[in-house]
Amino acid sequence: MKNALYSLPRPLNSISPPPQEPPPSAHQPEQSIHPYVSAPVLKAIAPQAGDPAGGSDIIAVGSGFTGATAVDFGGTAAADFTVASDTIIGITTPPGTGTVPVRVTTPGGTSNGESFTYSASLPPKLVAVTPQSARTGDTVVIFGCKVNRARSVAFGGHPAESFTVLSDNVILAVVPSGTGTVPVTVTTPAGTSNPVRFTYT
């Protein structure tokens with residue numbers, strides 16, 4: 001009689017456990033959470049017109065301007081811009097023609113457009129009067145731009161005794177009678193300038 005063959009059971013410690021899947025966190029990279037940044041909103045620009053040669057300074061008002069990477073005028077990059085706050089940007093216009101949309105771009109996107117018109121018929125802009133204080137009859141120098149077509153110069157609403165236009169940027173004016181501190185303005189066919197302060201001595 002042949003001996004029966006029996007398979008001896010394997011020791012328990014020799015049985016390998018089934019492979020286990022690593023926990024999800026061990027093989028799945030964590031996803032970074034980035035805050036959502038919305039596109040800026042442009043509410044207004046002032047002034048809404050400037051010289052076709054560029055170089056006009058304007059202010060843009062809106063929201064979401066922080067981190068602005070570009071400002072364009074109908075696709076042409078602004079000559080310069082400074083983000084004053086999340087709601088205000090100071091902009092220097094590039095050369096251009098016609099009416100174009102002004103837009104602000106940030107990492108969140110590009111804003112809506114606000115219209116800006118290039119126009120040669122702009123009122124003069126004054127920068128300073130020197131000296132800033134003088135007596136009646138004295139001659140002062142008025143500095144600005146687009147003053148070459150000046151029709152009148154006024155000190156507190158009173159016309160200068162006389163004035164001489166030296167260039168598009170300089171006027172000599174004789175101070176009329178007056179007292180106190182008054183605004184000086186220059187008027188051309190395109191309009192009246194911003195005021196600059198002058199004091200009678």
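The values are calculated or read from the model by the stated rules, or taken from the named source; none is laboratory data. Since we're looking at a predicted model, the values are computed, not measured. For neighbour counting, all protein chains shown are included, and Cβ atoms are generated from backbone atoms with ideal geometry for every residue, glycine included.
Tabulated results
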read-out	value
Residue tally, condition over 11 Å from VAL184 (Cβ atoms) and of a type in the set (Val, Ile, Thr), over the stretch 142-168	3
The stretch 182-201: number of residues that are more than 27 Å from the chain's Cα centre (by Cα) and part of a loop (DSSP other than H, G, I, E, B)	2
Residues being modelled with pLDDT of 95 or more and more than 16 Å from PRO183 (Cα to Cα) - total across the stretch 118-138	2
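Residue by residue, here is whether (1) without any contact (Cβ under 8 Å) to a residue 60 or more places away in the chain; (2) within 28 Å of ASP51 (Cα to Cα); (3) in the same structural domain as ASP57 (by TED's automatic domain parsing); (4) within 30 Å of the chain's Cα centre (by Cα) holds:
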residue	(1), (2), (3), (4)
VAL129	no, yes, no, yes
GLY144	yes, yes, no, yes
PHE155	yes, yes, no, no
VAL174	yes, no, no, no
